[in-house]
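The values are calculated or read from the model by the stated rules, or taken from the named source; none is laboratory data. Keep in mind it's a predicted model, so treat the numbers as computed, not measured. Every residue, glycine among them, receives a Cβ derived from its backbone with ideal geometry; neighbour counts consider all protein chains shown. Side chains are part of the model used for accessible areas, which takes the heavy atoms of the whole protein and leaves out ligands, DNA and RNA. Shrake-Rupley method; radii C 1.70, N 1.55, O 1.52, S 1.80 Å.
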Amino acid sequence: MIAEPFIESFDYDETGDGPSIVFVPGSCSTGAAWRPVISALNGRFRCITTSLLGYGGTAERRTARNSSIAHEAELIEAVIRRAGGAVHLVGHSFGGLASLAVALRARVPLQSLTIMEAPAVDILREIGEYRHYRTFREMSDAYFAAFRGGDKEAISSMIDFYGGSGTFASWPSRVRAYAMETTHVNILDWASAYAFELFPPVLAGIDVPVMIVRGAESHPAVKRANELLSIYIKGASLVTTEGAAHFMILTHPEDAARAVADHITRVEKRCVFDGCAAG
C-alpha cells in the first residue's frame, strides 16, 4: 500500500448538489477562477474548488531542486480524498496538466477527466514536433530572463503568449498584481511542466473517460499540444471552443460549463448502463 503524504494546508470549498466535480485552476489564480463556470452550471453539480501549490491558501511544497509535478498530484489527490468517493476531475492550464498526472498515477477514484489547455510541452518533444516545442521554450526562457533582470511585469509576456497581445494589460489591476506577486511560483510551475515526461504509450493507459478542450483562437503550439493529448489518450474527445483563447473559463464560461456538463452527463449515463460506482 502506498502511504498517503501529509499535505500541510490547502484551499477547499464546495457548493451545490449532484455528481461531484473537483475544479483545479491554473497558475497565478485560485479556485475563485472557476466561479463564472460554476455559476453557469446552475447548481446542477457538487462543485469543489482548490488552489495549486503556492497560490491562495495552499502551501508550497516544491523547491527549485525538487519541482516534480508529483507534488501537485498529491495535493489534488488530498482534495479528492476529502471530497469522498469518485469525482469528475476538471483542470485548466497548469491545473489541467497536474490533473493529467493524477489520472496517470491512478491513486484516487476518478469518474472522468477534463483538461482545458494543459501546457503539455513534453508531448511535442516526444513526437518530434520541435518547432512548437521551441516556441514554448523561447517564450519561457525570455520571460525567466526578464524576471531575473528585475522586470516586475515579466509575467505579462507569458500571459500574452496564451491570451494574445494585450491580455495582461486588459486584466483588472488586482489580478495583474497577483500574477506579478506569484511570478516565482509560476516559474516553479514551468519547471514542473518541462520535467513531466509524457510518453504516448503511457498516455494510452489512462482508463477513465477524457475530454480535451482547447480554444479556437489559442496559440498554435498550445492547440497542437492538446490535440496530441486527445490523439494519444485512448478514446479521448477533443472539443474546440469557437472564439475562445486560453483563458476561456473567464471569457467563455457558458461554453466551458456546457462542455463540462455534457461530458459528465454522458459519463454518468454510461455508468448507469454499465453499473459503475457513483461518485
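Let me confirm something: among S192, S230, S218, which residue is assigned to a loop (DSSP other than H, G, I, E, B) and either of a type outside the set (A, V, I, L, M, F, W, C) or open to solvent by 40 Å² or more (accessible area, probe 1.4 Å) (or both)?
The match here is S218.
For region 160-182, which residues satisfy the criterion of being in contact (Cβ under 8 Å) with a residue 60 or more places away in the chain and of a type in the set (V, I, T)?
T167, T182
Residues of region 233-254 being assigned to a helix (DSSP H, G or I) and either open to solvent by 50 Å² or more (accessible area, probe 1.4 Å) or on the phi > 0 side of the Ramachandran plot (or both), which ones?
Listed by number, the residues that qualify are L250, T251, E254.
Taking the condition farther than 20 Å from V37 by Cβ, in contact (Cβ under 8 Å) with a residue 24 or more places away in the chain and within 16 Å of the chain's Cα centre (by Cα), does L100 pass?
For L100, the condition - farther than 20 Å from V37 by Cβ, in contact (Cβ under 8 Å) with a residue 24 or more places away in the chain and within 16 Å of the chain's Cα centre (by Cα) - is not met.
Of all the residues that make up region 6-46, how many are free of Cβ contacts under 8 Å to residues at least 40 places away in the same chain, among the charged types (D, E, K, R) and touching a Ser or Thr at 6+ places or on another chain (Cβ under 7 Å)?
The number of residues fulfilling the criteria is 2.
Between residues in region 103-120 that are farther than 13 Å from I212 by Cβ and residues that are β-branched (V, I, T) and open to solvent by 10 Å² or more (accessible area, probe 1.4 Å), which pairs lie under 8 Å by C-beta distance while being six or more apart or on different chains?
L104/V202; L104/I206; R107/I2; L110/V208; Q111/V208
Restricting to region 125-136, count the residues that are open to solvent by less than 80 Å² (accessible area, probe 1.4 Å) and part of a helix (DSSP H, G or I).
Taking region 125-136 and keeping what is open to solvent by less than 80 Å² (accessible area, probe 1.4 Å), we get 126-129, 132-133, 135-136.
Subset that is part of a helix (DSSP H, G or I): 126, 132-133, 135-136.
Adding up the residues that qualify gives 5.
Pick out the one residue from A101, A73, A78 that is among the hydrophobic types (A, V, I, L, M, F, W, C), touching a Phe, Trp or Tyr at 6+ places or on another chain (Cβ under 7 Å) and open to solvent by less than 10 Å² (accessible area, probe 1.4 Å).
A101
Give region 14-32 a look and list any residue that's surrounded by 24 or more Cβ atoms within 10 Å (Cβ to Cβ) and either among the aliphatic types (A, V, I, L, M) or under 15 Å from A261 (Cβ atoms) (or both), or say none.
I21, V22, F23, V24
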